[in-house]
1. Search the structure for amide H atoms under 5 Å from the amide H of residue 3, placed 1.01 Å from N in the peptide plane, and list their residues when 5 or more places away or on another chain.
2. Using 0.36 nm per residue, how much length does the chain from residue 113 to residue 328 gain when fully extended, once their Cα-Cα distance is taken away?
3. Using the beta-carbon distance between residue 54 and residue 406 and R0 = 45 Å, what value does 1/(1 + (r/R0)^6) give for FRET efficiency, to the nearest 0.05?
4. Starting from the amide H of residue 442, placed 1.01 Å from N in the peptide plane, find each other amide H under 5 Å away whose residue is 5 or more places distant or on another chain.
5. Once you have the Cα-Cα distance between residue 16 and residue 204, take 0.36 nm times their residue separation minus that, and quote the gain in nm to one decimal.
6. Given the protein chains as shown and a 1.4 Å probe, how many square angstrom of residue 29 are accessible, to the nearest 10?
7. Taking amide H positions as placed 1.01 Å from N in the peptide plane, with prolines and chain starts having none, which residues 5 or more places from residue 279, or on another chain, fall under 5 Å of its amide H?
8. Working from the alpha-carbon coordinates of the range 24-114, get Rg over Rh, Rh being the Kirkwood radius.
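The values are calculated or read from the model by the stated rules, or taken from the named source; none is laboratory data. All figures in this text were calculated on a predicted structure; none of them were measured in a lab. Cβ sites come from the backbone with ideal geometry, for glycine too, and all protein chains shown count toward neighbours. The area values use the complete protein model at the heavy-atom level, side chains included, leaving out ligands, DNA and RNA. Shrake-Rupley method; radii C 1.70, N 1.55, O 1.52, S 1.80 Å.
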Amino acid sequence: MLLHLDAAALTDDQRLLLDRSAGTSRAVYNWGLATINAWNVQRYAWLCERAYAVARSEGEAQTLLGDMDWRRGSLLQAPEDLRRRPNRTSLGRRFTELTRDPNSRFHWWHIENHGVSRFVVSTALRDLDAAIARYWDGARSPDRPPRKDGRPIGWPRFKKKHRSKDSFAIFNLSVTSRGDDPWKAIDQGHRVRIPNLGSLRVHENTRRLRRWIQRGAIPKSARFVRRGTGWTVSIVLEIPAEVIPASVATRRQRAAGAVGVDVGVHSLVALSTDELVVGQPSAAFNRRLRRLQRHAARQRGPTHEQGPSAGWVETTRRIVRLQHADTLRRRGRLHEVTKRIATGFETIGIEDLAVAGMTAAPRPKPDPARLGSFLPNGRRAKAGLNRSIRRATFGEIRRQLEYKTSWYGARLVIVDRFAPTSKTCSGCGAVKATLRLSERVYRCEQCGLVLDRDLNAARNIRSLALPVDRGCGRR
Ligand SMILES: [Zn+2]
């Protein structure tokens, strides 16, 4: 459950502790990553040495190094510490040793009364393990795009202050409560109590959270993320199976039957019920953003040798806040739409990620005169941006529909990614050879159908999502 902290109600100690915990989390993550990177280098050096020792020529050594089986076999004879990658357990142990070492930069952990939870360290290392596992998963199945925006996953990168999303997590929320309702002590509807941080006021009403806990759910973890200028906290509850009511489609859902959902090119979402949901930021938002950006451009920025002016910092902060408000508005709207879809129908069809009627980006065109630089390839920056936003939206809609359909007893059908849903006529089934992204309206030359392109695609997705025996002979 995602809650937004009321920044005005934070005490100075809490604010300091939030910053300090985020800083610790980032430092530990980066230290762990650096340790693993160094281990990788060391292991490769050991393999090189070995390859050159047994090979008779440079080429043969290179062949050996490229041979995964040879590497695996050789590593069996490597020293113990090269065979096993440092993981969250061994790194956690090493961290504890470092805190006792007066020369280490983590020594403050041992001497200061800093209040940062030990869980912040273990979660940072756990996150690092997860990031590496995601990388290997992605490397093993390259055709499955596991990132939300559909791109393949890279090796974990260092977290930079200000540029990375600040976050940390605390576990074992109910450890002190000995089976009692951990938030019983606070009876107002807008507070949560987190170990170390104390009682925090949030914007949302925590009644639902409390009700789950009373019914037997156990609060597990709280993850804090800095968003814009404020903090959010998501609380994870472990809900025993017997507490969850079984979800069955309602009579209304069964009567409504199936719906096709298209993540539109020109609209946010198109439904086969002929409904278009628009998702562009409002004109007022664009106007305010442009005005602030123009203002910032006239002020003394960070590239100036004296550094940014106080005015520039303030303008930048206002831009961040404005964009954050817009993100929240959009996120709320997306939740509204997916909930309406999940509660309104029995079967919901959506296209598979990755393709979804999106044309591939033009390939980068390398500049033959200068290695590593690229010539313009006709891809407008704006088009690329729109595409990546649409892809992210797509992933988010699918994710929300996945869990919401299971809550509301609906069925989600992922439609084959190779079905030409946008080029096919939903009236007669004729397929067009080309349909440009700029064409907002689908016109069929065969049967004369004229329909918004996204609505046409949504209708096709609906027919593909229907069980074959009820396919109405459309396709
Ligand atoms: Zn037609």
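1. Long-range HN contacts for residue 3: 233, 234, 235.
2. So the chain would gain 73.8 nm between residue 113 and residue 328.
3. 0.25
4. Hits under the 5 Å cutoff: 451, 452, 453.
5. Result: 65.4 nm gained on full extension.
6. Looks like 20 Å² after rounding.
7. Here 268 satisfy the definition.
8. On the way: Rg = 17.8 Å, Rh = 15.4 Å.
Using Cα coordinates only, the ratio equals 1.16.
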